[in-house]
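Report on the following structure.
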Amino acid sequence: MARGKKKSITKDKKKENKKYASRSERSEENRAEFGRGARANRLLRQAFPVFINHTADRYVSARLTRRMGRIVKTDALHKRGDRDITVEPLRLLEGYNFNQAKPVKDVLYAPFDVQINRSEGIVIVDFPFFNPHTMTVGTKNSYDFILMFGITSIDFKNEEILFQESYSNFFSSNDRHTRPLQLTLKMPAGFQSPVIVLLGVEIIGEVPDTETLRQKELSALSIVRVFT
């Protein structure tokens with residue numbers, strides 16, 4: 001009886017050790033892939049530090065790491081633990097809001113289209129018609145605002161970042177003039193790598209007899225298009 005019990009204990013211990021080794025391996029795989037998602041988050045935020053500083057909520061890093069983690073998990077080319085950011089799934093970034101409480105669509109009502117001409121190296125955000133008074137939402141009182149437009153292409157493996165950014169002229173919410181509007185940025189002609197496009201609205205409220213204050217909680221920045 002004692003000998004049989006000893007065999008049973010040894011067998012159970014081997015099973016337990018095998019389960020522990022499996023869990024440990026899975027944990028290592030998860031940590032490795034989480035690290036790649038965190039790295040991708042860091043690289044994207046490094047491309048637009050000013051934009052993000054003026055618009056993002058305090059949870060932006062954690063939320064963006066989770067989104068990048070989803071992209072890592074779609075990698076069908078590598079085994080679990082070796083998966084990384086790949087090109088086509090980068091489209092999952094479309095619609096990501098750096099200020100979760102203020103998506104661009106809730107601040108900027110003007111219809112727009114994003115176009116890319118790779119042979120000429122041009123990315124355009126085209127507003128067929130734009131009225132500052134009726135097509136933006138900021139403070140209850142009159143306010144000024146600017147549009148933010150940025151593009152980036154990131155080599156996540158080699159940690160190389162190519163980016164361009166620009167601001168529009170200042171607009172006043174009292175401006176009722178409707179006009180077409182285009183924002184243009186350039187990249188190298190013939191550029192074939194993925195391009196991530198950001199569009200934002202920075203609300204700048206006027207405070208009587210004091211100073212102009214940036215209204216970060218009312219401003220918005222979103223990834224509106226990813227060209228792969």
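The values are calculated or read from the model by the stated rules, or taken from the named source; none is laboratory data. None of these values were measured; they are calculated from a predicted model. Don't worry about glycine lacking a Cβ; one is built from the backbone with ideal geometry, like all the others, and counts go over all protein chains shown.
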Discussion item. Let me spell it out: the conditions are (1) of a type outside the set (F, W, Y); (2) at pLDDT 95 or above; (3) assigned by TED's automatic domain parsing to the domain that holds A220; (4) assigned to a loop (DSSP other than H, G, I, E, B), and K140 meets all of them except one. Which number is the exception?
Written reply: (2)
Practice prompt. Quickly run through region 53-68 and pick out the residues that are aliphatic (A, V, I, L, M) and not in a helix (DSSP H, G or I).
Written response: A56
Fill in: Test result for D144, among the acidic types (D, E) and closer than 21 Å to D57 by Cβ
no
Worksheet entry | Among the candidates T74, T55, T86, residue that is among the hydroxyl-bearing types (S, T, Y) and touching a Gly at 6+ places or on another chain (Cβ under 9 Å) | T55
Worksheet item: Give me the pairs: first residue in region 203-228 and in the same structural domain as Y109 (by TED's automatic domain parsing), second residue in a strand (DSSP E or B) and at pLDDT below 60, beta-carbon distance under 6 Å, and six or more apart or on different chains, which are they?
Response: I204/T212; G205/L213; V207/L213
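Taking the stated definitions as given, is K105 over 30 Å from G190 (Cβ atoms) and touching a residue at least 60 places away in the same chain (Cβ under 8 Å)?
Yes.
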Worksheet item: Of P128, P132, P180, which residue is over 19 Å from I196 (Cα atoms), part of a loop (DSSP other than H, G, I, E, B) and not hydrophobic (A, V, I, L, M, F, W, C)?
Response: P132
Worksheet item: Going through region 51-82 one residue at a time, which ones are in contact (Cβ under 8 Å) with a residue 40 or more places away in the chain and surrounded by fewer than 17 Cβ atoms within 10 Å (Cβ to Cβ)?
Response: D57, Y59, K73, R80, G81, D82
Worksheet entry | Flag for T55 being outside the structural domain of F156 (by TED's automatic domain parsing), under 26 Å from I124 (Cβ atoms) and not hydrophobic (A, V, I, L, M, F, W, C) | yes
Worksheet item: For the subset of region 83-141 comprising residues that are of a type in the set (K, R) and over 26 Å from L218 (Cβ atoms), which member is surrounded by the most Cβ atoms within 10 Å (Cβ to Cβ)?
Response: R83
